[in-house]
Amino acid sequence: MVAGEAAAEPIHIGTTFSDRQCRYLQVNAKKTLKEILKTKFDLMRLAAYWDELEPRDGVYDFSSLDWQIAQTASAQVPIVLSVGMKAPRWPEYFIPTWLLKRLRLRKGTDVSQHAELRQRTLRFIEAVVRRYRDEEMIRYWQVENEPLDRTGPGYWWISPAFVKQEVELVRRLDPRGRPILITTVTYPNPLLRRFMYLFMRHDTIDEAFRLGDIIGVNVYPVVGHRWFSKKSYYWTTPGERATYLASILKRPTRGGKPVWVTELQAEPWEPDQLVYTAREPPPTGDPAIARQGVRELRALGIDTVLLWGAEYWQFRQSRHQDAHWWDAVHLLLQQAQPVAPVR
């Protein structure tokens, strides 16, 4: 038992929806979102994918995101809207092709050092915020997704100075003063954590605390990686996860700010696979992982958790006639018993 589990508080359970992930999995995006909304989550995160919304320079097409927001608002589910060049799901950065071709960004660099990309990103953020700032069900803005971390095929990152500039822009544009969420990658596995800290060379968690009103972290109890030709799985114990997350909650830089888990593993993370589509459930794709994760996070006093993998649950049901994931999620929501709706 995790320390404090007996006194665990109720918890808000949400999820993230990505029409992009639906395309990867070859499931109907609109049907998937409707199924998710029928489940009555406490919170929904949606993404403004730049390359989809501005397919040509200065030409915007908001139709898909308009529909997603309208459907979610109609279901009375509070929304977190992610804006910026970086958003949830692969390939992490969604810079339009017409812009990316001429930028010629190098691997392993701070892409926000590029003046034109900074200017274009701010212009895009302004267009999105102006369009949706009057939607009452949007309760939070997320500025970029894990911006300070080196991720994606280019191992790019965004500097804290530019993220601060983006945050300030959103604050100026939003008369409602909605809270701003900043997310960052976390590594409960000690071995992966040591390796990634050598790779990152700076502490993204403290930087995220300084930039946002709410901090979002991710929790993956088991991840698969391929090192050269060898497949490896990195597991963590409940004790390792509890100790690591408790240390984040106790950081002086937190300053009393809420900490959410914006990605709790609820889909497979198999070595060298963008999406896992086989019928046989993999080691990293067991609903018990999510159930255990929610129990641990409640025990730590974390009151908002977004399950990561809703598109996969629908894929399992539609492709393999397997409702195991959906059944597990419904049970989790019944047991969560939030104190009050997210406002």
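The values are calculated or read from the model by the stated rules, or taken from the named source; none is laboratory data. Since we're looking at a predicted model, the values are computed, not measured. Note: ideal-geometry Cβ built from the backbone for every residue, glycine included; neighbour counts use all protein chains shown.
Okay, here's what the table says:
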{"quantity": "Selected residue [outside any helix (DSSP H, G or I), touching a helix residue (DSSP H, G or I) at 6+ places or on another chain (Cβ under 6 Å) and surrounded by 19 or more Cβ atoms within 10 Å (Cβ to Cβ)] from Leu148, Leu105", "calculated": "Leu148"}
{"quantity": "Lone unmet requirement of (1) closer than 19 Å to Asn145 by Cα; (2) in contact with a Lys or Arg (Cβ under 9 Å, 6 or more places away or on another chain) for Glu116", "calculated": "(1)"}
{"quantity": "Where a residue in segment 252-267 is touching a residue at least 40 places away in the same chain (Cβ under 8 Å) and closer than 15 Å to Tyr140 by Cβ and its partner, wherever it lies, is in a strand (DSSP E or B) and of a type in the set (D, E, K, R), with Cβ under 8 Å and at least six apart", "calculated": "Thr262/Arg45"}
{"quantity": "Flag if Pro252 is modelled with pLDDT of 95 or more, of a type outside the set (D, E, K, R) and surrounded by fewer than 15 Cβ atoms within 10 Å (Cβ to Cβ)", "calculated": "yes"}
{"quantity": "Residue that is crowded, with 16+ Cβ neighbours inside 10 Å and of a type in the set (A, V, I, L, M), where the choices are Ala161, Ala115, Ala70, Ala75", "calculated": "Ala75"}
{"quantity": "Unmet requirement for Ile302, which otherwise passes all of (1) farther than 19 Å from Asp42 by Cα; (2) modelled with pLDDT of 95 or more; (3) touching a helix residue (DSSP H, G or I) at 6+ places or on another chain (Cβ under 9 Å); (4) assigned to a loop (DSSP other than H, G, I, E, B)", "calculated": "(1)"}
{"quantity": "Residue that is farthest from Asn28 (Cα to Cα), among those in segment 62-112 that are touching a Ser or Thr at 6+ places or on another chain (Cβ under 6 Å) and charged (D, E, K, R)", "calculated": "Asp110"}
{"quantity": "Exclusive hit being at pLDDT 95 or above, out of contact with any Cys (no Cβ under 6 Å at 6 or more places or on another chain), surrounded by fewer than 20 Cβ atoms within 10 Å (Cβ to Cβ) and part of a strand (DSSP E or B), set Arg178, Arg139", "calculated": "Arg139"}
{"quantity": "Number of positions in segment 265-290 that are surrounded by fewer than 16 Cβ atoms within 10 Å (Cβ to Cβ) and under 18 Å from Glu240 (Cα atoms)", "calculated": "1"}
{"quantity": "Residue match in segment 218-229 (condition: more than 27 Å from Leu81 (Cα to Cα), surrounded by 15 or more Cβ atoms within 10 Å (Cβ to Cβ) and among the hydrophobic types (A, V, I, L, M, F, W, C))", "calculated": "yes"}
{"quantity": "Enumerated strands (runs of 3 or more DSSP E) restricted to segment 1-93, each holding at least 2 residues that are of a type outside the set (A, V, I, L, M, F, W, C)", "calculated": "12-16"}
